[in-house]
Amino acid sequence: MFRLVDRFPVQTRAILLIFGVVIVIGSIGSFFVIQNQRQAAIASYGEMSLTLARAIWQHAERDMKDADRQHIQEELKDIVNDNKLIKRVVIVSNTRQVYASSSDADNGTTIICPNVVEALQSGEPVVTRSMENGQPTFCAVLPIPNRPECAACHSSEAKFLGAVEIDVDREPLLAQLRQQVNVIAVAAGATILAAGLALTYSLRRSVVNPMAKMVTEAVSEREKQAKLYLTDRLASIGELASGIAHEVNNPLTSVIGFSQLVLEKGVPDDIKRDVETIHDEAQRAARVMKNLLTFARKHSPMKQLTDINGIIQKVLEIRAYEQRVNNIQVVSRLAPYLPEIMVDPFQMQQVFFNLTINAEHFMHQAHGKGTLTIVTEKAGDIIRIYFADDGPGIPKEHMKRLFTPFFTTKETGKGTGLGLSICHGIVSEHGGRIYAQSEPGKGATFVVELPILTATDQAQAAVMTQVEGDIT
């Protein structure tokens, strides 16, 4: 779960945190409100049970004076039958013998209910929650005090004559509590949502957005500094490579020239073959130096009508040796007669160069070999270029970050995380787009789309190129 949250931006995580805090606080507050409502309802129901017990005793007291137990028994049954809330009524003596009951089964028995014992001993009413025949009830016990007018039938020494026990159905109370809980839950949910939205909006404007802006600016400044540092290093390496190429070219020119002179003279065949080998290898070394100079030399950005297939072939020529030693096979299906398009050839060469090197790296890392398929085609008013490899593919979680500066999955020292970012910037500046298609384990395909200019646009571009050439 934490990994899932980590994928969200800082702003989203802050908002989720705020909502979480509001929900927790609101839930705790709702819990206490519900508990208070529950306690109040229970207390109210308990008081109602005692009120019913008092009313029943006052009604039965007249018949007690007449010692009409049968009549009292019938009245208790009528009370239970007429009032759905009352499940059972029992009048007991101070010896806990049942005097009268709404249930015939109680007659003549001794009540051992601890509530009755407690009420007779303490002289205070007792209300408890219990189960009666599988149904939740309130059991209320009201002690009956011994008064002077009762002396004719009862000893004056007894403090209490007995007690009235009444069992009241608790289900209506539970239904009421459930309804209150539902109402409170809905109200609390609406309140929490409104408070969360209000607090989120306020904090987002006053805290989150300014902080996110500060972080973004700090990261952007760091990225700029890193780019400047890397650009300076690359420029230094380019100058160094250019100097080395010039220095190596001088002796190579001598080797090529003198070997050519030796070949023009009459020399024995075995020596001639050796000299031809020297001449051919020197020519190959010269071509390598030429390619190095082409790639390392600093060029002023300038768009011109360019053959895309030609740029791709030049990149493949530069990478031919590395591809051969790394067992990388190249399959190129370049569409013939592609129209020339307005691009900076050196910048576009850098894009294709980066895509090719990335494909080579991951294929060789995955299985020590691979096949790179390069396809060009004309699709409507664009030229589309595919670089497809049979490497390990790209994990789904990395797809959205491929073109983010400094994002790399290569080992330390083998990648800066700027290659694809630079490619994206160059292609976007040319009015095109670059994207990737991949499934883990099935390789990756990078697609570059570049717009084709109309005939009028090409004519205007040619004029602008000529003017820029005259100026420089």
* Asked: Of all residues in the stretch 93-115, which are closer than 18 Å to residue 138 by Cβ and either among the hydroxyl-bearing types (Ser, Thr, Tyr) or in contact with a helix residue (DSSP H, G or I) (Cβ under 7 Å, 6 or more places away or on another chain) (or both)?
  -> 101, 102, 103
* To do: Report, by residue number, each residue of the stretch 58-114 that is basic (Lys, Arg), modelled with pLDDT of 70 or more, more than 12 Å from residue 163 (Cα to Cα) and not in a strand (DSSP E or B).
  => 69, 77, 84
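The values are calculated or read from the model by the stated rules, or taken from the named source; none is laboratory data. Keep in mind it's a predicted model, so treat the numbers as computed, not measured. All Cβ positions, even for glycine, are placed from backbone atoms using ideal geometry, and neighbour counts span all protein chains on display.
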